[in-house]
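Take a look at the structure set out below.
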Amino acid sequence: MKPKPHNHPSSPHKPMFLLMGVWATLVPWVWLWPGLIKDPAFWHAHELIFGMAGAALGGYLLIALPSWTGPNRAHRIGRLPLFLLVLAWGLGRGSMLIEAQGVALLICASLYPLGLAGLVLLPLWRVRRWQKLPFAVVPVVLAVADVTWLAIRWRGLSDAPFGPAVVLGFAVLLSVVGGRAVPAFLNSRFQATGAIVLPLRTLGAQASGLIMLSIVLLIAQRPHLAGAAMMASGVMQSIRLIVWGRRALFAHLDLMMLYLAWAWLGIGLMLLGTTLLMPAVFTLATMLHALTIGAMGSMIMAVAGRAFMARAPGRLRASPTHVTAFAMISTAAVLRLVIPDAVVMGLVGLQWSILVWSLGWGLFMLPVLRSLARPSPHPVLSAVRAQT
């Protein structure tokens, strides 16, 4: 049986994932365009977190919402709410680009995440899906984090620990949501063969708790303790990776992408923890990219890309375009970490990393653009199981 296509108004995840890909492609170029932004380091970090990753969060929540509201009450996002959500996202990006100040900036920055929270909260409240309500809180936390960071800078206070703390907040999200999604996708594919993957939820909860502890310690200016907590969490995440490993993954590229993306979470936490423990040896601004480019970039692409892969009974087929784009994101992370200042063929490692990253996201957008006029398959992020 072929999956039945759905194309309820615009398939709301499509514009969000398109915005995500466009912004991911463009934001790093601030480093290649001197004078465009007064503070390129802050703008670059802020826009990749709240612009790119924020759009990715919206796409994921809008995909999941119909399944959460129940098969008989599948929620549909109308064209007007979707248009207003996209407009709110654009206002947030525009206010940062023109370097707006004061209350106007804070309002524009909070419109998108609060609007997204409303779109998720109201349907869940109507159908009394209380256990899913925490997902509606995530965009609110995003809005609070953004407004707090902007307010700190507005008042001229030091925001040195805040950027890494926000990145670690997304690491918690990857640990909690990704830690459930990855074994679920693996079990959906391999359970017929008896190769059940243990989700290791207790270990995952402990690892996520350690990341949250490291955030508190980082803000409290206890970098060595924060680094130790990150190192321990990174080891736990790597243990989960080893337990989930299967030789069969090599024949399922869509799952291999998820698996390799998860590897970056453990690597990023351990590298960042090592940096905090030995600041004289490693640079925080460099090693932080193991989490931003490596973990966040690759996991977002691995999950979002599933919405645009070809379907076969019981499986998704990652195209050469998807695989190449994913490989480029990991390559960009390695270049940024290993040779950030080395000159190769007239360009430094940072510039090479930007070019490879942008090309990877440009490739990602090709199947997204092709899908805009086509119905969306159901389910969006996985394939209908093979019929026996």
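The values are calculated or read from the model by the stated rules, or taken from the named source; none is laboratory data. Just so we're clear, the structure is a prediction, and the values are computed from it rather than from any experiment. FYI the Cβ positions are ideal-geometry reconstructions off the backbone, even for glycines, and counts take in every protein chain you see. We work out accessible area using only protein heavy atoms, side chains counted, and drop any ligands, DNA or RNA first. Shrake-Rupley method; radii C 1.70, N 1.55, O 1.52, S 1.80 Å.
Observations on the structure shown:
- Qualifying residue in region 331-353 (condition: touching a Gly at 6+ places or on another chain (Cβ under 6 Å) and crowded, with 20+ Cβ neighbours inside 10 Å): yes
- Selection within region 253-302: residues that are assigned to a loop (DSSP other than H, G, I, E, B) and over 16 Å from the mean Cα position of the chain (by Cα). The member of this set that is modelled with the highest pLDDT is Met278.
- Checked against (1) open to solvent by less than 20 Å² (accessible area, probe 1.4 Å); (2) in a helix (DSSP H, G or I); (3) over 27 Å from Gly227 (Cα atoms), Val323 passes all but condition (1).
- Hey, Phe326 aromatic (Phe, Trp, Tyr), closer than 22 Å to Val167 by Cα and more than 19 Å from the chain's Cα centre (by Cα) or not: no
- Filtered residues of region 158-206 (kept if closer than 30 Å to Gly314 by Cβ, surrounded by 19 or more Cβ atoms within 10 Å (Cβ to Cβ), in contact (Cβ under 8 Å) with a residue 40 or more places away in the chain and of a type outside the set (A, V, I, L, M)): Ser175, Gly178, Gly179, Pro183, Phe185, Arg189
- Here Met230 passes the criteria (1) modelled with pLDDT under 95; (2) surrounded by 14 or more Cβ atoms within 10 Å (Cβ to Cβ) except the one numbered (1).
- Scan of region 287-322 for residues that are touching a residue at least 12 places away in the same chain (Cβ under 8 Å) and farther than 21 Å from Leu359 by Cα, ordered by number: Met287, Leu288, Arg311, Ala312, Pro313, Gly314, Arg315, Leu316, Arg317
- Scanning region 154-197 for residues that are of a type in the set (D, E, K, R) and under 25 Å from His44 (Cα atoms) yields Arg155, Asp159.
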